[in-house]
Amino acid sequence: AMKFSGYLKVRIGEAVGLQPTRWSLRHSLFRKGYQLLDPYVTVSVDQVRVGQTSTKQKTNKPTYNEEFSATVTDGHQIELSVFHDTPIGYDDFVANCTLHFQELLRSAAPSDTFEGW
C-alpha cells in the first residue's frame, strides 16, 4: 500500500444531512419534532487526532470553514468523524468517513486538491 509523507492541509467546510443520535432523541423536550445536534468534526491520521472543529449549536447542517494542518510520516488514511457534543459523559458518535492516501495519491498531480465528503 502506498503511504504518504508530507504536509497535509484539511479544510472542513460543512456537514449536511446529519441524523439525530439516540442520546439527542432521548433528551429532547420536543420528542415529536426533528432533532437537532450540537456537532463537531474531528480529523485524524491513522487514529491520531490532528484537529477538531468548534461545536456548532442546534444544527444538522453545520458550517465550519476551519482548516487544520499536520506533518504526516508514512500515513495510511485520514478519518473525519462527526460527534454530538453531550453535556455529560462521552460525546455521541454521529458519522464518519475514511479517505485512503493511496486513493488520493493515485490520481493526483502534485498541485491537486481534493473535494469530497
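In segment 81-103, how many residues are within 13 Å of residue 18 (Cα to Cα) and either in a loop (DSSP other than H, G, I, E, B) or open to solvent by less than 20 Å² (accessible area, probe 1.4 Å) (or both)?
Counting residues in segment 81-103 that are within 13 Å of residue 18 (Cα to Cα) and either in a loop (DSSP other than H, G, I, E, B) or open to solvent by less than 20 Å² (accessible area, probe 1.4 Å) (or both) gives 3.
Based on this model, can you work out whether residue 78 counts as surrounded by 17 or more Cβ atoms within 10 Å (Cβ to Cβ), in contact with an Asp or Glu (Cβ under 6 Å, 6 or more places away or on another chain) and not in a loop (DSSP other than H, G, I, E, B)? I'd like the intermediate steps shown before the answer.
Numbers: surrounded by 17 or more Cβ atoms within 10 Å (Cβ to Cβ): yes; in contact with an Asp or Glu (Cβ under 6 Å, 6 or more places away or on another chain): no; not in a loop (DSSP other than H, G, I, E, B): yes.
No.
Got at least one residue in segment 24-40 being part of a loop (DSSP other than H, G, I, E, B), open to solvent by 80 Å² or more (accessible area, probe 1.4 Å) and at pLDDT 90 or above?
no
If residue 62 passes every condition in (1) closer than 30 Å to residue 5 by Cβ; (2) modelled with pLDDT of 95 or more; (3) crowded, with 16+ Cβ neighbours inside 10 Å; (4) of a type outside the set (Ser, Thr, Tyr) but one, which one does it miss?
(1)
Could you list, in sequence order, the residues of segment 1-22 that are in a loop (DSSP other than H, G, I, E, B) and small (Gly, Ala, Ser)?
Keep residues of segment 1-22 that are in a loop (DSSP other than H, G, I, E, B), which gives 1-3, 15-21.
Result: 1, 15, 17.
Return the residues of segment 81-117 that are in contact with an Asp or Glu (Cβ under 9 Å, 6 or more places away or on another chain), over 14 Å from residue 38 (Cβ atoms) and at pLDDT 90 or above; say none if nothing qualifies.
Residues satisfying the conditions are 96, 97, 98, 99.
The values are calculated or read from the model by the stated rules, or taken from the named source; none is laboratory data. The structure presented is a predicted model; accordingly, all values stated were derived computationally and were not measured. Backbone-built Cβ (ideal geometry, glycine too); neighbour counts: all protein chains shown. Remember, those area values only see protein heavy atoms, side chains included, never the ligands or the DNA or RNA. Shrake-Rupley method; radii C 1.70, N 1.55, O 1.52, S 1.80 Å.
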